[in-house]
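Only one structure is covered here, and it is reproduced in the block below.
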Amino acid sequence: MNREKMEEDLLRSFNQLSKETNVIYHNYAAANGMSDATFWILYTICYYGEGVTQKTICEEWFYSAQTVNSSLKLLEKKNLIELRLAPGNKKNKYIHLTEAGEKIMEEIAVPLTEAEKE
């Protein structure tokens, strides 16, 4: 098999694996009653800890600011998070979990990150 064919096969395999992985996470989010963006916000908080910003989530997951903002507003409305202004910067807000948000994260995001480690 020539090098070009091997590279094409590797790329095809990588893309297929990526798509299959995305479907697994999408189905997990849907099974837990949330959109992909909402799920990835909770996942990011679980991974980085509290105090991440909307900008971090946009950069990490390639979501638009509008998509992330809509998900944050929904999480706020459900009393799962609160947004706090960054000191000295009225534009950046840090995302913090409420008590109810911590419970949801423990039920949804933590088991998933533990499964990923295994």
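Structure values in brief
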{"read-out": "Burial order of peptide ranges 78-84, 27-33, 14-20 (average beta-carbon count within 10 Å, highest first)", "value": "78-84, 27-33, 14-20"}
{"read-out": "Percent carbon-and-sulfur accessible area, segment 38-118, ignoring ligands, DNA and RNA, probe 1.4 Å", "value": "50"}
{"read-out": "Zone residues, segment 40-54, relative to Glu76, backbone N less than 17 Å from point 7 Å out along Cα-to-Cβ", "value": "41-42, 51-54"}
{"read-out": "Acute angle (nearest 10 degrees) that the helix 65-77 long axis makes with the longest principal axis of the chain, alpha-carbon atoms", "value": "50"}
{"read-out": "Net +/- balance of residues flanking Lys19 in space, Cβ distance below 15 Å, scoring K and R +1, D and E -1", "value": "-1"}
{"read-out": "Net charge of Cβ neighbours under 14 Å - reference Glu106; Lys, Arg +1; Asp, Glu -1", "value": "-4"}
{"read-out": "Segments 105-118, 38-51, 58-71 sorted - mean Cβ within 10 Å per residue, highest first", "value": "38-51, 58-71, 105-118"}
{"read-out": "Residues whose placed amide H lies under 5 Å from that of Val52, excluding near-sequence neighbours", "value": "Ile95"}
{"read-out": "Placed amide H near Asn92: partners under 5 Å, 5+ positions off or other chain", "value": "Ala86"}
{"read-out": "0 to 90° range, to nearest 10: angle between helix 36-48 axis and the chain longest Cα axis", "value": "80"}
{"read-out": "In sequence order, calculated HN-Hα J values of segment 96-102 (Karplus, 6.51, -1.76, 1.60; Hz; x Gly/Pro)", "value": "10, 7, 7, 4, 5, x, 4"}
{"read-out": "Within-12-Å neighbourhood charge of Leu42 [Cβ basis; K, R +1; D, E -1]", "value": "-3"}
{"read-out": "1.4 Å probe accessible area per residue over the chain, in Å²", "value": "69"}
{"read-out": "Diffusion coefficient, µm² s⁻¹, Stokes-Einstein with Kirkwood Rh over alpha-carbon pairs of the chain at 25 °C and 0.890 mPa s", "value": "156"}
{"read-out": "Cα centroid separation, segment 47-74 to segment 104-118 (Å)", "value": "19"}
{"read-out": "Between 0 and 90°, nearest 10: helix 3-31 axis offset from the chain longest Cα axis", "value": "30"}
{"read-out": "Listed residues Asn92, Tyr25, Pro111: farthest to the positive end of the dipole of the chain (Cβ charges)", "value": "Asn92"}
{"read-out": "Cα-projected label distance for Asn89 with Tyr48, points at 7 Å along beta-carbon direction, nm", "value": "1.0"}
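The values are calculated or read from the model by the stated rules, or taken from the named source; none is laboratory data. What you are looking at is a predicted structure, and each value in this text was computed from that prediction instead of being measured. Cβ atoms come from the backbone with ideal geometry, glycine included; neighbour counts cover every protein chain shown. Surface areas here come from the heavy atoms of the whole protein model, side chains and all, with no ligands, DNA or RNA. Shrake-Rupley method; radii C 1.70, N 1.55, O 1.52, S 1.80 Å.
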